[in-house]
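Notes follow the structure.
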Amino acid sequence: MWLPCGCTSKYVASSFARRTLASYLHVSGRSRCNVAAFMPEAAGLEGVSGRAALRELSVSNSESFWAAVARHRLCWSTPFHTVQDCDLSRGKIKWFEGGKLNVSVNCLDRHVHTCPERVALIWERDERGSEMKYTYGELLEMTCRLGNLLRRHGVKRGDCVTIYMPTCPLAVASMLACARIGAAHNVVFAGFSADALAERIRDGEMLLLIITVNQGVRGGKVTELKKTVDTAMQSCPTVKQVFVAMRTDNPVTMTARDIAMEEVREQKANQILEIQIQAVEGEFDVVCEPAVMNSEDVLFLLYTSGSTGKPKGLVHTQAGYLLYAALTHRYVFSYHDGDVFGCVADIGWITGHSYVVYGPLANGATTVLFESTPIYPDPGRYWDMVERLKINQFYGAPTAIRLLLKYGDQWVNKYDRSTLKTLGSVGEPINTEAWEWYHRVVGDGRCPVVDTWWQTETGGICIAPRPSDPDAEIVPGMAMRPFFGINPVLMDTEGEVLTSNNTSGALCMAQPWPGMARTIHNNHQRFIDTYFQPYPGYFFTGDGAYRSEEGYYQITGRLDDVINVSGHRIGTAEIEDVVCPAVAESAVVGYTHSIKGQGVYAFVVLKKGIDVQEADLSRQLNGMVSEKIAKYASPDFIQFAKRLPKTRSGKIMRRVLRKVVESDLEGLGDLSTLDDPAAVQEIIQDLCLCMNTYF
Ligand code: WTA
């Protein structure tokens, strides 16, 4: 069925023919022209006369909607027979059953076939001005080489490979190589410590192999990734092999377990040309037969923090995830063929998965891999890159926007940003000041700003101002409009759906969509308990939201004990667990931080009889958190307390501590359930002592 490297011309042609035929079978002439203008995939849907009607149908008749877009947007080797089989009350989510496809074929081969010379990746390396471009042909070759290498070393369909790498072409090729041979990947953010890496490897008993680089380079600093892997390996006996690529020229100590990956690194320019020519002819010197995957086979695991317990490995599957990433990438950002898409997220997070790798590549886009930081070597880095790479859509995080705003407009104005068409924001609420600056200064007041709300769990963007009519209003700091097929509801404290507008509640989703996570690796019960049990029959996001008079959504923040530091999720309990052995008791809460969005504030009660300088202990505790989790999770403030406010049953009142660190003493609420209200007074007094440095 598959010819070398996937799609043959026959395969593509017949699939196109099928699609065209399918759309003609259901066409009602009246509806076609209107809808086809903005969403050709939906042109065949009956009775849809415009954008609003299409949005309505995508919810009221979601099966027809998703069937139409899945047939058009993905390249299937066997068509699906069942659009969906979901039961939210049991956490059962299945889409496109019966369908078979290969994600890497969808992301590579079909584009190599139609436009082999198109640039797939622009690697914006840490060293400014040294970007490297990779065509679809080259990326396919790299992927095939890697796929073969993995197969040769015993990786089979259904295995899982951990990838611990900075954002670089080889990391993307590694993800796609796993997809090609039917293995799942587990990308661990390269900023995570050895302990955090080891924990994520151990969680799945099938994690046998790791791909890493000798050293990472970010913001001019070198990080010892291979050494971190070596440390992690001490507690991961199941890992038999570690592939090591060279990002820098510095040699690292190799052990018997390590395999140098030089043989699959990018090829020289003259060889690349050769590959492209061969690609056009349909013959490759590197062939890696793509595995034929079922829609619901696992594509990847990605760990994220919850409010309790260890980080959870959310599982995404093949077809539904890819379709949702591709569709949202196309329509939220108004991505068009030939555009250069610049999402600056790290591939270690879901944003990197969906909008650096899978969404753009499924759409045949040119996608930027950003290895650096917003202020390296100076605060003009992003905008210099926009000018140099001619970026059309820029997608970043509010924390970076807030940071750059402080450096002033001159760093933006220095560079030509006329290629920009859409600006995106993700990861945390964007405050009005940052939004306005992004819109007025960066976008010269002419680019729509899309504040996109979504989560690792949702797979792709669920609420965003676009798509909507080109002149539809965009309210600063609001995600606003649900995407096609997304049906948000707000719940009150009794678990009842709030039907009116101008109201706030717990944000839930009333129906499934193809991009949502399918389970938590090795723990389906936790999946049900976390997301489906709080509001039976609904998916609970963990966030609160406000719905305006006009029906627009604004995210108000987490309702659980998860804090969002610079757009990175961290469970307060995870930090408490780390500091716990050194202290008698601790309670960690988030507070508003002008750059990071939220900072980490830790209250600590010392063990009796411990004679240690508070400053020393602070340093020690911070070091422990960096070492066990990651630097970003380290507390910004550690306050030593004699005791913590507790209920009579001994539960720490974090709600009260949150109010205290936010200086909202009026909002402390009912303290009558506290065992000893004086504990709060003591804490407030100590907090006042450090207020000069804090506020
Ligand atoms: C928060 C990142 C407000 C939210 C894609 C969510 C946001 C968590 C926004 C998911 C936004 C993300 N406005 N808050 N536009 N986008 N969040 O899994 O609390 O790393 O639950 O996914 O980030 O973080 P995650």
Given DSSP loops and a limit of at most 15 other Cβ atoms within 10 Å, what is the longest stretch of the chain that contains no such GluC sites (Glu not before Pro)?
-> 284-472
Along the charge dipole of the chain, which of 38, 441, 583 sits closest to the positive end, that is, farthest toward it, with unit charges on the beta carbon of Lys, Arg, Asp and Glu (+1, +1, -1, -1)?
-> 38
Phi-derived 3J(HN,Hα) across the stretch 70-78 with the Karplus relation (6.51, -1.76, 1.60, θ = phi - 60°), rounded Hz, x for Gly and Pro, is 5, 5, 7, 8, 9, 9, 9, 8, 9
For the stretch 352-408, what relative contact order do you get, as a whole percent, if you take Cα pairs closer than 8 Å and at least 6 residues apart?
-> 22
In the neighborhood of residue 498, defined by Cβ-to-Cβ distances under 11 Å, what is the net charge if each Lys or Arg adds +1 and each Asp or Glu adds -1?
-> -2
Restricting to lysines and to Cα separations under 23 Å from residue 94, and discarding same-chain partners fewer than 8 apart, the set is 312
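Just from its helices, what would the mean residue ellipticity at 222 nm be for the chain, if runs of 4 or more DSSP H residues each count -39500 (n - 2.57) and the sum is divided by every residue, rounded to the nearest 500 deg cm²/dmol?
It comes out at -9000 deg cm²/dmol, rounded to the nearest 500.
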Quickly rank 176-189, 417-430 as a protection proxy: mean count of other C-beta atoms within 10 Å, highest first.
-> 176-189, 417-430
Of every hundred units of 1.4 Å-probe accessible area on the chain, the number belonging to carbon and sulfur atoms, as a percent, is 51
Dimensionless Rg/Rh of the stretch 109-150, both radii on Cα and Rh by Kirkwood, sits at 1.08
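Tally Lys/Arg at +1 and Asp/Glu at -1 over every other residue whose Cβ is under 10 Å from the Cβ of residue 388; what's the total?
On the way: positive: 128, 390; negative: 124, 131, 384, 387, 416.
With Lys, Arg at +1 and Asp, Glu at -1, the neighbours total -3.
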Expressed in Å to one decimal, the Kirkwood Rh of the chain from all distinct alpha-carbon pairs is 26.2
Treating cross-link reach as a plain straight distance, find the lysines whose alpha-carbon is under 21 Å from the alpha-carbon of residue 240, omitting any fewer than eight places away in the same chain.
-> 156, 226, 227
Sorting 297, 451 on solvent-accessible surface, 1.4 Å probe, most exposed first, gives 297, 451
Volume per residue of the C-alpha convex hull in the stretch 541-675, rounded to whole Å³ = 141
Considering amide H positions built from the backbone, and no H for Pro or chain starts, which residues 5 or more places from residue 347, or on another chain, come under 5 Å of its amide H?
-> 167
List the chymotrypsin sites (Phe, Trp or Tyr not before Pro) within the stretch 357-389 that fall in a DSSP loop (any state other than H, G, I, E or B) and whose Cβ has at most 12 other Cβ atoms within 10 Å.
-> none
Over all directions, average the projected area of the Cα convex hull of the stretch 391-473 and note it in nm².
-> 5.6
Taking the Cα atoms only, what angle lies between the long axis of helix 29-38 and the longest principal axis of the chain, rounded to 10 degrees?
-> 60
Pseudo-spin-label distance residue 235 to residue 46, built 7 Å along Cα→Cβ, given in nm, is 6.0
Relative contact order of the stretch 529-597, pairs being alpha-carbon contacts under 8 Å that are 6 or more residues apart, as % | 20
In whole percent, what relative contact order does the chain give with Cα contacts below 8 Å and a gap of six or more residues?
-> 12
28 Å Cα-Cα reach of residue 646 towards lysines, excluding residues that sit fewer than 8 places from it in its own chain | 310, 607, 608, 628, 659
To the nearest 10 degrees, the tilt of helix 51-60 (Cα long axis) against the first principal axis of the alpha carbons of the chain is 80
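The values are calculated or read from the model by the stated rules, or taken from the named source; none is laboratory data. Keep in mind that what you see is a predicted model, and the values were worked out from it rather than measured. Neighbour counts are summed over all protein chains in view; Cβ atoms, including those assigned to glycine, are modelled from backbone coordinates with ideal geometry. The area values use the complete protein model at the heavy-atom level, side chains included, leaving out ligands, DNA and RNA. Shrake-Rupley method; radii C 1.70, N 1.55, O 1.52, S 1.80 Å.
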